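Just so you know, all these numbers are worked out from the coordinates, no wet-lab data involved. Source: prediction; values computed, not measured. All Cβ positions, glycine included, derive from the backbone under ideal geometry; neighbour counts span all protein chains shown.
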Amino acid sequence: MKLIASLALATAFTAVSVPALAQFQKPEDAVKYRKAAFSVMGTHFGRIGAMANGRVPFDAKMVAENAAIVETMSKLPWAGFGEGTDKGDTRAKPEIWTEQAKFKEGSDKMQAEVVKLAAAAKTGNLDNVKAAFGAVGQTCKACHDAYRKE
Ligand code: ASC
């Protein structure tokens with residue numbers, strides 16, 4: 001009984017501790033992951049932009065759905081900027097790792113504005129969406145200007 005209990009405990013520990021220790025097997029995997037996360041986020045942000053810019057008719061429900069996806073995605077890329085992920089197939093500038101506090105400030109700001117965009121979407125008001133969309137876009141641009149190579 002004791003053996004079974006300790007085996008079960010060991011299994012449980014492995015299950016929770018492995019992802020915490022090594023979220024990615026190789027740095028390339030982390031680079032791929034963060035790019036994928038940004039790509040999905042950009043796609044759904046762009047769908048809101050199409051409505052904010054009048055290219056597609058405004059549909060509050062569609063804005064809310066896309067904003068919810070953007071909000072979830074906005075939390076993900078940052079885990080992919082760990083040690084050793086400054087090389088390879090990436091446009092990430094070295095300043096990300098030498099100015100980590102500033103980089104985090106930018107990513108926090110973006111996530112905060114994304115939360116406001118999701119809230120704006122729920123008002124069903126196009127002007128609110130336009131304003132919140134613009135504010136998020138500025139946070140995207142600020143980090144791209146500072147931390148992304150051409
Ligand atoms: C987008 C998108 C970005 C931002 C950025 C804002 O729609 O994919 O990366 O907006 O262009 O300046």
Original post:
Is one or more of the residues making up the range 48-64 closer than 24 Å to GLU150 by Cα, in contact with a His (Cβ under 6 Å, 6 or more places away or on another chain) and either crowded, with 16+ Cβ neighbours inside 10 Å or among the aromatic types (Phe, Trp, Tyr) (or both)?
Top reply: no
**OP:** Go through the residues of the range 96-119 one by one and say whether even a single one is free of Cβ contacts under 8 Å to residues at least 24 places away in the same chain and of a type in the set (Phe, Trp, Tyr).
**Re:** yes
Subject >> Residues satisfying the stated conditions in the range 121-138, i.e. within 16 Å of the ligand (Cβ to nearest atom) and free of Cβ contacts under 8 Å to residues at least 40 places away in the same chain >> reply: ALA131, ALA132, ALA135, GLN138
**OP:** Report the residue count in the range 98-117 for those that are more than 15 Å from the ligand (Cβ to nearest atom) and surrounded by fewer than 19 Cβ atoms within 10 Å (Cβ to Cβ).
**Re:** 11
Original post:
Which one is farthest from the ligand (Cβ to nearest atom) among residues in the range 27-64 that are within 12 Å of LEU126 (Cβ to Cβ) and under 18 Å from the mean Cα position of the chain (by Cα)?
Top reply: VAL63
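Inspect the range 90-100 for any residue being in contact with a strand residue (DSSP E or B) (Cβ under 8 Å, 6 or more places away or on another chain) and of a type in the set (Gly, Ala, Ser) and give the result as yes or no.
Initial filter on the range 90-100 (in contact with a strand residue (DSSP E or B) (Cβ under 8 Å, 6 or more places away or on another chain)): 91-93.
If we keep only those that are of a type in the set (Gly, Ala, Ser) as well, we get 92.
Yes; the residues of the range 90-100 include at least one that is in contact with a strand residue (DSSP E or B) (Cβ under 8 Å, 6 or more places away or on another chain) and of a type in the set (Gly, Ala, Ser).
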